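The structure under discussion appears below in the form of structure tokens.
Read the figures in this text as sums done on the coordinates, not as results from a lab. These figures come from a predicted structure and were not determined experimentally. Cβ coordinates were reconstructed from backbone atoms using ideal geometry, including for glycine residues, and neighbour counts include every protein chain displayed.
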Amino acid sequence: MKKKIAVIGGGFAGLQFAKHIDTKHYNVLLLDKSNHHQFQPLFYQVAAAQLEPSSISFPFRKIFQKREGVSIQMAEVNSVNPDEQTISTDAGKFGYDYLVIATGCKTNYFGNSELEKSALPLKSTFEAIQIRNRVLRNFERINSTKDYDSGLNNIVIVGAGPTGVELAGAFAEMKKNILPNDYPEIDTSEIRIILVEGSGKTLGNMSELAQTASLEYLKKLGVEVLLNQLVDRYENGNLILKNGCSIKSENVIWAAGVTGNIVEGFSKEIIQGNRYLVDDFNKISGFENIYAVGDIAMQKSEKYPKGHPQIANVAINQAKNLAVNFNNSIKGKKWKPFLYKDQGSMATVGKYKAAVDLPLFSFKGFFAWVFWMFLHLMLILSVRNKLIVFINWMWTFFTNDSSLRLIIAEKASLKVEKPQWIYQ
């Protein structure tokens, strides 16, 4: 009988493993709390109303519709029992012969419960829609009240990594190109885009060229960049920094860090930095049939003593390597260790504004922006979605506009108690 491999998580790692495993010899059960794969690098464009969620979301059942040997179960995983070889979920228990954990990361609030309760994260399609709803709803509130003092007008993004930088650039372009046409009654000079970063650099993990260029681009777009500023707390609509300064805002977006999505059922000895300790074959320490791939895996090496960077390139290639090794087992071939080859990184700040780091050189500007678009377009799964995203990008390129600014909520109330003016 075919062995059963359970895969927890349908992100980049889980999806690639399920796509490359030989289902003639293995049955695969893919478990995920969502029914779709989410293309995380473009979440910020959904949040800034540049793309529709469906453009970067891919139903698992559609992806594996014609692939025998792969079954899908939408379920929230509660724990794993390695002794019984079972997974407990809100949809029941599932057994396995081999287990691949690919649960990825979640937003890291560094233990600040108030921030977790009030700030907006950006780690899922749903959270991107929440940000879009919040920001657009607050623009409507400003339009009706002309209130520029309560923080409705301040969009604060905490964390100047790729997500924070790209989101700040997108909102700055919205302020420049869209708000004057959509909301002619609003004084757009009162709309502030503020990027708060604890270190002294934007895009701190990229090259010096990328750091310098991104800061220059952000300032040209009118983004207020606050470097070397740590957040203390967020209360009563005020983001309070460690230096005592306060920023009033109803739009605080947290992009300051991530932490691993640990599944219950494993001892703390095999977890470091909220990631599972794995060997060169992604096998979790102390187990013969349990593996971890992607952001959740801590694979140490001489070059990466603290584990590989938590990026899509690592997740995709670890998963492919593990799938190939499983396939090689059937053929009696030896397993190959995973060796990470850094293929570079990139970030865009807006139209014509991007920075790309390749292994041998770095570049910025228009060609970097085109390179960024091309690569992301190629990574999107279906031809249909590639076309939709490309058409949206081209429309935005030529018009500096889109028609995707929808507030999708059960009740889109503005919660205005005392409007200061009435439209006549």
- request: Provide the gained length on full extension for the span Glu84 to Ser403, in nm with one decimal, where the gain is 0.36 nm per separating residue minus the Cα-Cα distance.
  value: 109.6 nm
query: Of Leu167, Ala213, Ala297, whose Cα points farthest to the positive end of the dipole of segment 154-297 (charges on the beta-carbon: +1 Lys, Arg; -1 Asp, Glu; origin at the Cα centre)?
result: Ala213
Within straight-line cross-link reach of Lys62, lysines at Cα separation under 17 Å, skipping those fewer than 8 residues along the same chain: Lys19, Lys33, Lys386
- request: Mind scanning Lys303/Lys353; Lys176/Lys353; Lys220/Lys242 and naming the pairs with a C-alpha gap bigger than 21 Å?
  value: Lys303/Lys353; Lys220/Lys242
- line: Of the listed pairs Lys2/Lys283; Lys4/Lys336; Lys248/Lys306, those with alpha carbons more than 31 Å apart are Lys248/Lys306
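Would you calculate, for the chain, the mean residue ellipticity at 222 nm contributed by helices, counting each DSSP H stretch of 4 or more residues as -39,500 (n - 2.57) and dividing by all residues, to the nearest 500?
Helix-only estimate at 222 nm: -9500 deg cm²/dmol.
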Efficiency of FRET between Glu208 and Ile262 - r from beta-carbon atoms, R0 45 angstrom, step 0.05: 0.80
message: Checking the a/c ratio against 1.5 first, then a/b against b/c, what shape does the Cα gyration tensor give for segment 349-398?
response: oblate
- request: Using per-residue counts of other Cβ atoms within 10 Å, averaged over each peptide, order 101-112, 350-361 from highest down.
  value: 101-112, 350-361
Three semi-axes of the equivalent ellipsoid, the chain, Cα gyration tensor, whole Å, largest first: 40, 23, 22
- request: For every other residue with a beta carbon closer than 12 angstrom to the beta carbon of Tyr183, add +1 if it is Lys or Arg and -1 if Asp or Glu, then tell me the sum.
  value: -1
- line: Ranked output for segments 7-16, 200-209, 251-260, 73-82 by mean other Cβ atoms within 10 Å, highest leading, reads 7-16, 251-260, 200-209, 73-82
message: Quick check: pseudo-label points 7 Å beyond the Cα along Cα→Cβ at Phe361 and Tyr340, how many nm apart are they?
response: 2.6
task: Report, for the chain, the % of DSSP beta bridges that are antiparallel, rounded to 5.
output: 50
